[in-house]
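For reference, the structure is listed below as structure tokens.
The values are calculated or read from the model by the stated rules, or taken from the named source; none is laboratory data. As the structure is a prediction and not an experimental result, all values here were calculated from the model. All Cβ positions, even for glycine, are placed from backbone atoms using ideal geometry, and neighbour counts span all protein chains on display.
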Amino acid sequence: MSEQILCTCGTVLVEEVTPTGVRPLGAEQPIVFRRTTDYVVCSNCYESYNVVSLIERATSQETIDQLEAMAESAED
């Protein structure tokens, strides 16, 4: 399991980043970014994050690499 990504309000936004997608807080299945306009929403403050915004919030290189790969495939 990779790192969790937190919203700016401090709530867990993404519980897990996998090579195929991100699993938001409370979700059973990962969300796959198919377009650059796809996003996840914070369950506490309702701020939205696209895949590029998630890259900016990630701290581990492994997570950043996985998110960058998702962003590239969303652009194609």
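Which one of these is under 12 Å from the mean Cα position of the chain (by Cα) and of a type in the set (Lys, Arg): Arg35, Arg23?
Arg23
Please find, within the stretch 16-47, the residue that is farthest from Asp65 (Cα to Cα) out of those that are at pLDDT below 95 and of a type in the set (Asp, Glu).
So the residue we want is Glu28.
Pairs needed: first member in the stretch 44-60, farther than 16 Å from Arg34 by Cβ; second member anywhere, part of a helix (DSSP H, G or I); C-beta distance under 7 Å; at least 6 residues apart or different chains.
Between residues of the stretch 44-60 that are farther than 16 Å from Arg34 by Cβ and residues that are part of a helix (DSSP H, G or I), the close pairs are Ile55/Ile64; Ile55/Leu67; Ile55/Glu68; Ile55/Ala71; Ala58/Ile64; Ala58/Leu67.
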